[in-house]
1. Can you tell me how many residues in segment 283-295 are under 24 Å from residue 399 (Cβ atoms) and either open to solvent by 50 Å² or more (accessible area, probe 1.4 Å) or more than 29 Å from the chain's Cα centre (by Cα) (or both)?
2. Residue 232: touching a Phe, Trp or Tyr at 6+ places or on another chain (Cβ under 9 Å) and open to solvent by 40 Å² or more (accessible area, probe 1.4 Å), yes or no?
3. Report, ordered by the first and then the second residue, all pairs with beta carbons closer than 8 Å, sequence separation of six or more or different chains, a first member in segment 179-196 that is on the phi > 0 side of the Ramachandran plot, and a second member that is part of a helix (DSSP H, G or I) and of a type in the set (D, E, K, R).
4. Of the residues in segment 398-415, how many are open to solvent by less than 30 Å² (accessible area, probe 1.4 Å) and more than 30 Å from residue 241 (Cβ to Cβ)?
5. Going by the conditions given, is residue 385 polar (S, T, N, Q) and under 23 Å from the mean Cα position of the chain (by Cα)?
6. When you check residue 309 against the structure, is it without any contact (Cβ under 8 Å) to a residue 24 or more places away in the chain, assigned to a helix (DSSP H, G or I) and over 15 Å from residue 410 (Cα atoms), yes or no?
7. Output the number of the condition that residue 146 fails; it satisfies all remaining conditions of (1) in contact (Cβ under 8 Å) with a residue 24 or more places away in the chain; (2) among the polar types (S, T, N, Q); (3) surrounded by fewer than 21 Cβ atoms within 10 Å (Cβ to Cβ).
Amino acid sequence: MRNTRILALLLAVTLLLSTLPASAAIGGTKSFSDVKSDDWFKPYVDKLSSWGIINGYQDGTFGPNRTLTRAEFITMVFNAGNTLTMMYIDENGQPGSYETINNVHWAQPYWNALNDAGIIAGSGIKCSNAELNQPITRNEMAVLITNMLYKDYYEDKVSVSNVTGVIKDYNSIPSGYRYYVEQAFGKGVLSGYTDQTFQGGNQLTRGEAASVVDRMLFAQDRKVISAATSVKPTTTPAALEWQKKGWINAYGTASAELRQILFGDANKSGFRSANEAAAYMETVTIPIWKMDKGGNKYADETTVVVNKAVAADVKAIFQQIFDDPEQFPIQSVGGARYSDTMRHSWGCAIDINPTYNAECRANYNTNTVSFTSGFYGWWPLGTSQSIFSGQVSAPSAYSIKADGSVVKAFSDYGWGWGGQGYSVRSDNTQKFDYMHFSVMQSGG
């Protein structure tokens, strides 16, 4: 696996540099006139250039302060992956290849692959020509790095004590980025400036990219963060275990081993009735917050039917949601459904508050949305109204936030959220299912 990652990374950097101006050259080791002996990025540039991976321009410069676009960094991250592929399974269960989908931008296949693997989630980077051509920020880089470490490399998470003491501008980082910055910093992959600030709104430079690439590849080159301690789970969540073993990928393919666990039959793809599924399902009681007409929250409980293989994790997920200070109110929860041909029929998918969390398809050619379920739309508290709002006339406390406790709890157990949006197809449309969570990293 390590050798595969190294080879992929070499290809990634070569591909990245191939998008630079024609004056850029790829070659052997050399000194760069704009890389000084005391520059913090010099060891990383020297190391990568000594392999012929990174080179400079014909005028003898490296351009350490030049920025990278989102498209360039996304492509680089894809090629550094362990399990990422260009294959997918669509919402109808049909196989396809992202390489055949390139109607929006040259990097669209890479964005699609990362998005369906949950790597884009949290970054806010959309698949459009304008968005992908923008320089990537350090905050956005932190999101991609953290998601790669935990959703593709399956490393342990970290806890950073006194985080405001080691990242001086932590409180000024937008709340949606704080977790990712803390994790990437705690892992020693990212670092701040000499004044101990992170300045995540700054654009990522080539010098910074050299250090990130090196530290992603070689753990021994990462910074030692004394305030960070590894958080090892007492048990590995089922979805993460299946993903680590390659029993399920981001595109819905389940191995014979997983089908045997879920259905008792390696040749089975799902259940078609409650009677057929009965021996493999469990009714789980979960704690929830409910909300009265006055907006006051109170503790309650409800039940959801899921596959026995994920029952313990589902209990833990909802306990985590219940314990979070957000106290997200739950109106209704749905689990196993046998009219479905995919994850609901496995007992490995959950819908939450369907009335206020739409299933819909966005058409970016006409800037319109067609709703297939949850006709009131999706408009969480603390966000702006958008074309996804449907009939909702005001923000709803029942709408799931992208950076809220619900998405995080499911993510911690390896489940993906359909609200991140599935691949942007060749007709420039994209499906969103804001109510839906599943054991697939894409949330499909």
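1. So the answer is 6.
2. The answer is no for residue 232.
3. 188/215
4. Going through segment 398-415 one residue at a time, the tally reaches 1.
5. no
6. no
7. Just one mismatch for residue 146, condition (3).
Each row is one residue, and each column tells you yes or no for (1) in a helix (DSSP H, G or I); (2) open to solvent by 40 Å² or more (accessible area, probe 1.4 Å).
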{"site": "164", "(1), (2)": "yes, yes"}
{"site": "183", "(1), (2)": "yes, no"}
{"site": "190", "(1), (2)": "no, no"}
{"site": "195", "(1), (2)": "no, yes"}
{"site": "198", "(1), (2)": "no, no"}
{"site": "208", "(1), (2)": "yes, no"}
{"site": "215", "(1), (2)": "yes, no"}
{"site": "224", "(1), (2)": "no, yes"}
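The values are calculated or read from the model by the stated rules, or taken from the named source; none is laboratory data. Bear in mind the structure is a predicted one, so any value in this text is a computation, not a measurement. All Cβ positions, even for glycine, are placed from backbone atoms using ideal geometry, and neighbour counts span all protein chains on display. Accessible surface areas use protein heavy atoms only, side chains included; no ligands, DNA or RNA. Shrake-Rupley method; radii C 1.70, N 1.55, O 1.52, S 1.80 Å.
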